[in-house]
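Following: one structure in structure tokens, then a few remarks.
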Amino acid sequence: MQTDHSEVTVDAIIPARNEEDCLGRCLESLIAQQVISFQITVVDDGSTDGTRAIAESFPCVRVLSATEPKAGVMGKCNALIAGSAGRTAKWLLFTDADTVHYPGSLAASLQEAESRNVDLLSYSPEQETRSWWN
């Protein structure tokens, strides 16, 4: 039996610090996802480039600033905590700004998680590198 994902809510949380070169492609690929009801949140982690302006140029994207980290918490983890605070969705998608999501990948991920009856699903996406050290 296939689950109807049209009523499943996902909060996609993207920590971003100086990601102006790639954030737009990531957001476009998420916005293009179909069948899923979702919210996209970009957490600007003190960017000094155009990252925040790019995120704000997408009207359906919620943009937050990372909060001051608590003792022992820093960097990306702090941005993820800030982005997930108060979220009530059944599923949270933590994804990096330098990722591009294939059409239908969000729906397929939910279907797999639900069919396996898991609370956490982690993928290692295909990576595109532009130089040998990336």
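The values are calculated or read from the model by the stated rules, or taken from the named source; none is laboratory data. This one's a predicted model, so the numbers in the text were calculated from it and none came from an experiment. FYI the Cβ positions are ideal-geometry reconstructions off the backbone, even for glycines, and counts take in every protein chain you see.
Taking THR51, is it of a type outside the set (Asp, Glu) and either at pLDDT below 95 or closer than 27 Å to ARG116 by Cα (or both)?
No, not satisfied.
Look at CYS77 and say whether it is in contact with a helix residue (DSSP H, G or I) (Cβ under 7 Å, 6 or more places away or on another chain) and loosely packed, with under 14 Cβ neighbours inside 10 Å.
For CYS77, the condition - in contact with a helix residue (DSSP H, G or I) (Cβ under 7 Å, 6 or more places away or on another chain) and loosely packed, with under 14 Cβ neighbours inside 10 Å - is not met.
Scanning segment 6-21 for residues that are more than 11 Å from the chain's Cα centre (by Cα) and at pLDDT 95 or above, which turns out surrounded by the most Cβ atoms within 10 Å (Cβ to Cβ)?
Applying the filter and picking the extreme gives GLU19.
Kindly establish whether ALA71 is buried (at least 17 other Cβ atoms within 10 Å of the Cβ) and of a type in the set (A, V, I, L, M). Please lay out each step first, then the result.
On the way: buried (at least 17 other Cβ atoms within 10 Å of the Cβ): no; of a type in the set (A, V, I, L, M): yes.
Considered against the rule, which asks whether it is buried (at least 17 other Cβ atoms within 10 Å of the Cβ) and of a type in the set (A, V, I, L, M), ALA71 comes out as no.
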query: From ALA82, ALA55, which residue is touching a helix residue (DSSP H, G or I) at 6+ places or on another chain (Cβ under 7 Å), assigned to a helix (DSSP H, G or I) and either without any contact (Cβ under 8 Å) to a residue 24 or more places away in the chain or not basic (Lys, Arg) (or both)?
result: ALA55
task: Collect the residues in segment 85-112 that are hydrophobic (A, V, I, L, M, F, W, C), part of a loop (DSSP other than H, G, I, E, B) and under 13 Å from the mean Cα position of the chain (by Cα), keeping them in residue-number order.
output: ALA97, VAL100
field: Residues of segment 22-41 classified as buried (at least 19 other Cβ atoms within 10 Å of the Cβ) and either more than 14 Å from VAL10 (Cα to Cα) or of a type in the set (Asp, Glu) (or both), total
entry: 3
- request: Would you mind stating whether SER29 is small (Gly, Ala, Ser) and assigned to a helix (DSSP H, G or I)?
  value: yes
- request: Under 6 Å between Cβ atoms, at least 6 apart or on separate chains: pull out the pairs that start in segment 21-41 with a residue that is among the hydroxyl-bearing types (Ser, Thr, Tyr) and end on any residue that is buried (at least 19 other Cβ atoms within 10 Å of the Cβ) and outside any helix (DSSP H, G or I).
  value: SER29/HIS101; THR41/ILE13
